[in-house]
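The values are calculated or read from the model by the stated rules, or taken from the named source; none is laboratory data. Just so it is clear, the model here is predicted, and its values are computed rather than measured. Note that we place each Cβ from the backbone using ideal geometry, even for glycine, and neighbour counts take in every protein chain shown. Ligands, DNA and RNA are stripped out before the accessible areas are found, and what is left, the full protein with its side chains, is counted by its heavy atoms. Shrake-Rupley method; radii C 1.70, N 1.55, O 1.52, S 1.80 Å.
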Amino acid sequence: MATRILRPSVTGALLCFLPGLLGLGGCATTTAAGPGGDGDRVASSAPGVPAPKVVVPVGEQAAARFREAVQLYQSGRAAGRPDYAAVEGLLQEALGLDRRFTRAQFNLGVIYEEQGRTKDAEAAYRKTLELDPRYVDALANLGRIAMLRGDRQGALGDFQKVVEIDPFNTYARNNLASVHRLNAVKLMGKGDTEGANRSFAEAVENVRKVLAAEPQDMLAYNNLVLIYYDLEKYELARLVALSALKFNKPDAAIHNNLGLVLLKLNKVTLATAEFQAALQVDPKFGAAHVNLGAISLNYRDFQGAYERFRAALEGQPDDPEILIGLGVAARGLGKLEEAESLYRKVLRLHADYPDAWFNLGILFQEHWNKPQQALESFRSYLRVARLETADDKARADNVRSRVEGLVQLQRIMDQQEQQRRTAPKAAPAEPAPAEPAPAGAASGPAATEAAAATPVEAAAATGP
């Protein structure tokens, strides 16, 4: 069974360029200030993201509630999970005492986002920007949410605003490089080589600006590896990754992306070793589990793939690519109901997810012999498929062939059913007259049965 190695993705399948939520870390140093003080000037927790440009005096009581929220959050993180309800309550109290307490407003967004309450988080970040339009932490997190949602243009706008405020912001520069790279890949799929080259150039320029400020920035090196990967300059991508590893900074993403490059160079054993090295750095690095799972699928090691995708799913239970990979492995193991359940979970989360429809079609056509359901699934795939790469287009051609075959099969079945319904019913056949029974034989049905049985028995008894 052919399968594709999952491509680098900002949604977490292979590489996330974002250092995480801009959290409460660093806020513990906040000091209370009276009127005219500096209580809302707080160091950012994200590297390269400056403190807010607007300083608003914060009252003593509001600052005290904020400090309590920070302490409760940090102690909860140390114990495994913060008491989000209590932290939110304290932040709301701080805002009740001072409605222009921007850091408290911002951190409401952080705890919402950590709980998966994305819409609430967005609202909190936008409220932060109403209080301070130059609050780059809020802009950066809005850009992050947009990227995870697949809204590249929205992310591009948010990160561009960050660098307009702070041209040396490496966090935003790295993400701008990522967005431009992804846009370039899309343009390449559409055959727009000129537009793709412009986007790749923008991506490289942003990486160069990061490395000018931070020569050992691992996110920038990862971006550069992926840019050369997408340009199919695999040897150059390999050299960039090896250069980054010389800094002796343990980085799971560099190992993982070097593994991807080595796969393109047909060095599967070395690639596998790099994915395993990524897991040595971070045993929960889902991207490496996904790629090892994909390699296992290529070798029809369904049990190994199943275990890898299950491990990846622990950290990202709703990731569609991981769910699909796990479903394919389950199907290979004969766990067909589980496979269908995983595909349908993806469709509940993303109704237009092409791979879910494709794999449902395979399940119905090749395993359950349900041509009508297969036809519906494949047609849904063609309706939502994103034909951005040569592989996408080849798969779509394959699906069209399947659809044509299923339509022809359905037409034949319909014709046969119609013929069966309209065919004249044959009259019952007249029974053949029975031969006269020998003298002394019984008459009636019993005689017929006896007459039929006698020659068989006699033949069986015949011998020399």
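Ignoring ligands, DNA and RNA, what percent of the 1.4 Å accessible area of the range 168-324 is carbon and sulfur?
Within the range 168-324, the accessible surface is 50 percent carbon and sulfur.
Along the charge dipole of the range 308-430, which of Phe364, Val346, Ala394 sits closest to the positive end, that is, farthest toward it, with unit charges on the beta carbon of Lys, Arg, Asp and Glu (+1, +1, -1, -1)?
Sorting the options by dipole projection puts first Phe364.
Output the peptides 163-169, 326-332 sorted from most to least packed, where packing is the average of other Cβ atoms within 10 Å over each peptide's residues.
So the order, starting with the most tightly packed, is 326-332, 163-169.
Using 0.36 nm per residue of separation minus the Cα-Cα distance, give me the extension gain between Val281 and Ser341 in nm, one decimal.
Using 0.36 nm per residue and subtracting the Cα-Cα distance, I get 18.3 nm.
Express in nm, to one decimal, how much length is gained between Leu333 and Asp414 on full extension, taking 0.36 nm for each residue of separation and deducting their alpha carbon distance.
This chain segment gains 25.8 nm when fully extended.
Considering only Leu211, Ala278, Asn257, whose Cα is most displaced toward the positive end of the charge dipole of the range 172-329, charges sitting on Cβ of Lys, Arg (+1) and Asp, Glu (-1)?
Going by the Cα projections, it comes out as Leu211.
If a/c stays under 1.5 just call it rounded; otherwise compare a/b with b/c (prolate if a/b is bigger, oblate if not). Do that for the range 106-184, with a ≥ b ≥ c from the square roots of the Cα gyration tensor eigenvalues.
oblate
Cut-off under 14 Å on the C-alpha distance; same-chain residues fewer than 8 positions from Lys246 excluded. Which aspartates and glutamates are left, in chain and number order?
Asp217
So which lysines pass the test for Lys393, namely a Cα distance under 22 Å, with those fewer than 8 places away in the same chain ruled out?
Result set, ordered by chain and number: Lys186, Lys190, Lys264.
Could you tell me which residue out of Tyr228, Ala184, Ala172 lies farthest along the dipole of the range 146-237 toward its positive end? Charges go on the beta carbon: Lys and Arg +1, Asp and Glu -1, centred on the Cα centre.
Comparing the listed Cα positions along the dipole, Ala184 ranks first.
Please work out whether the range 51-168 counts as rounded, prolate or oblate from its C-alpha gyration tensor, where a ≥ b ≥ c are the square roots of the eigenvalues and a/c under 1.5 means rounded, while otherwise a/b larger than b/c means prolate and anything else oblate?
Note, shape of the range 51-168 comes out oblate.
Compute the accessible area per residue over the range 56-207, keeping the other protein chains in place, probe 1.4 Å, unit Å².
On a per-residue basis, the range 56-207 sits at 42 Å².
For a test of the definition: using alpha carbon positions, the gyration tensor, and the 1.5 limit on a/c, classify the range 120-269 as rounded, prolate or oblate.
In terms of gyration-tensor shape, prolate.
For Arg348 and Val407, FRET efficiency with R0 = 30 Å and r from the beta-carbon atoms, rounded to 0.05?
0.60
Hey, what's the range 283-416 come to in accessible area per residue, 1.4 Å probe, Å²?
50
Which FRET efficiency value, to the nearest 0.05, is calculated for Asp151 and Lys267 with the Förster distance at 41 angstrom and r the Cβ-Cβ distance?
0.70
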